[in-house]
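The values are calculated or read from the model by the stated rules, or taken from the named source; none is laboratory data. Source: prediction; values computed, not measured. Glycine also receives a Cβ, built like all others from the backbone with ideal geometry; neighbour counts cover every protein chain displayed.
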Amino acid sequence: MIILKLGGSVITRKDSATPLLDHENLSRIAKEISDSSYDELIIVHGAGSFGHPYAKEYSIGEKIETEEELQKKKLGFCITQNSVKNLNSLVCENLREHGILAVSIQPSSFVVTKNKRIYHANLDLIKKYLDLGFVPVLYGDTVLDLDESIKMAILSGDQIINYLGEKLKPNRVILGSDVDGIYDKNPKKYPDAELVQVVTSSEDLESTEGTGTVDVTGGMGGKLKELLSLAEIGIESQILNAGHDNLVKKAINGEKGIGTLIKSKKK
Ligand code: ADP
């Protein structure tokens with residue numbers, strides 16, 4: 001089983017203030033997936049400009065103090081949920097046009113968080129889809145949260161990867177982003193940043209700052225935290241640049257040494 005994440009920075013124009021698809025990247029990646037070989041595949045995609053601008057505008061996930069704030073957040077919840085669902089529709093349609101049996105799985109319809117971490121999610125349906133040869137496609141979404149002071153939260157694609165990894169124990173986890181992997185510092189800010197081949201703990205890095213664009217799920221730092229906790233239970237992952245031709249295809253086909261490998265110290 002392979003779990004593949006397509007970053008919001010790759011399939012959308014992440015710096016756009018309104019939802020904007022990167023159609024060229026999406027189609028190319030869909031073709032690469034359809035040209036590669038795998039047995040079971042789950043795809044998780046980020047929200048990019050379909051989610052972050054709204055999540056930020058309505059500060060979803062922040063403490064709710066008044067009834068007025070609650071009403072405003074509920075509206076923001078609906079708007080964000082619908083927008084990321086639209087992106088998911090475009091992704092699934094594109095995958096299907098390339099011959100991939102993509103089925104949409106809406107996180108907000110079955111995931112509940114507590115203090116912004118997944119508290120409950122029944123994966124039986126996903127397993128059933130996999131058994132039948134479908135490719136389930138999940139995505140960063142707004143979800144209900146059991147913490148009374150926040151009530152609603154943003155569930156990042158990266159946290160979904162962590163949860164699915166832990167529960168389904170895939171053979172490989174591949175993350176496609178808009179950078180070549182993890183650098184010793186943000187490569188978008190520091191031209192002299194150097195790519196790190198293997199990361200076994202957060203101490204390996206000088207800094208993993210936020211993305212510089214609007215990203216309420218913490219950018220590369222948050223991603224790395226999720227992946228390191230997977231590595232601790234023996235599930236390795238690979239971060240690579242999905243903006244470059246054929247890297248997603250090569251990674252699915254099992255090629256090593258592309259991007260950054262995140263693995264446990266013990267191994
Ligand atoms: P995605 O949308 O692909 O899931 P994010 O935009 O959340 O990814 O995070 C990737 C971004 O994180 C990169 O575009 C880069 O600007 C930023 N970043 C910050 N620190 C680092 C680092 N040390 N190495 C690589 N990228 C970093």
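Taken over region 147-193, residues that are in contact with a helix residue (DSSP H, G or I) (Cβ under 8 Å, 6 or more places away or on another chain), of a type in the set (Gly, Ala, Ser) and either within 11 Å of the ligand (Cβ to nearest atom) or under 30 Å from GLU69 (Cα atoms) (or both) amount to 4. Could we say that LEU101 is touching a residue at least 24 places away in the same chain (Cβ under 8 Å), among the hydrophobic types (A, V, I, L, M, F, W, C) and under 18 Å from LEU6 (Cβ atoms) here? Answer is yes for this residue.
Close contacts from region 159-174, counting a first residue that is farther than 7 Å from ILE3 by Cβ and modelled with pLDDT of 95 or more and a second that is not in a helix (DSSP H, G or I) and not β-branched (Val, Ile, Thr), with Cβ to Cβ under 6 Å and a gap of 6+ residues or different chains, come to ILE160/LEU138; LYS167/LEU123; ASN171/MET1; ILE174/LEU4; ILE174/GLN238. Looking across region 37-57, the residues that are surrounded by 15 or more Cβ atoms within 10 Å (Cβ to Cβ) and out of contact with any strand residue (DSSP E or B) (no Cβ under 9 Å at 6 or more places or on another chain) come down to PRO53, LYS56.
Has region 35-48 got at least one residue that is without any contact (Cβ under 8 Å) to a residue 60 or more places away in the chain and closer than 26 Å to VAL103 by Cα? So far as region 35-48 goes, yes, one or more of its residues are without any contact (Cβ under 8 Å) to a residue 60 or more places away in the chain and closer than 26 Å to VAL103 by Cα.
Counting only residues that are modelled with pLDDT under 85 and either crowded, with 20+ Cβ neighbours inside 10 Å or more than 7 Å from the ligand (Cβ to nearest atom) (or both), region 194-217 holds 11 of them.
Okay, residues lined up against (1) crowded, with 18+ Cβ neighbours inside 10 Å; (2) among the β-branched types (Val, Ile, Thr); (3) modelled with pLDDT under 95:
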{"position": "ILE235", "(1), (2), (3)": "yes, yes, no"}
{"position": "LEU240", "(1), (2), (3)": "yes, no, no"}
{"position": "ASP245", "(1), (2), (3)": "no, no, no"}
{"position": "GLY259", "(1), (2), (3)": "yes, no, no"}
{"position": "LYS267", "(1), (2), (3)": "no, no, yes"}
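Can you say whether ASN88 is under 21 Å from LEU138 (Cα atoms), more than 14 Å from the ligand (Cβ to nearest atom) and touching a residue at least 24 places away in the same chain (Cβ under 8 Å), as far as the supplied structure shows?
So ASN88 fits the description; yes.
Elements of the type helices (runs of 4 or more DSSP H) sitting completely within region 1-114 and holding at least 2 residues that are at pLDDT 95 or above and closer than 21 Å to GLY243 by Cβ: these cover 8-11, 23-34, 67-97.
Within region 5-50, the set of residues being under 12 Å from the mean Cα position of the chain (by Cα) and not aliphatic (A, V, I, L, M) comprises LYS5, GLY7, GLY8, SER9, HIS45, GLY46, GLY48. Given the structure, is GLY157 under 14 Å from the mean Cα position of the chain (by Cα) and under 29 Å from GLU236 (Cβ atoms)? So GLY157 passes the test.
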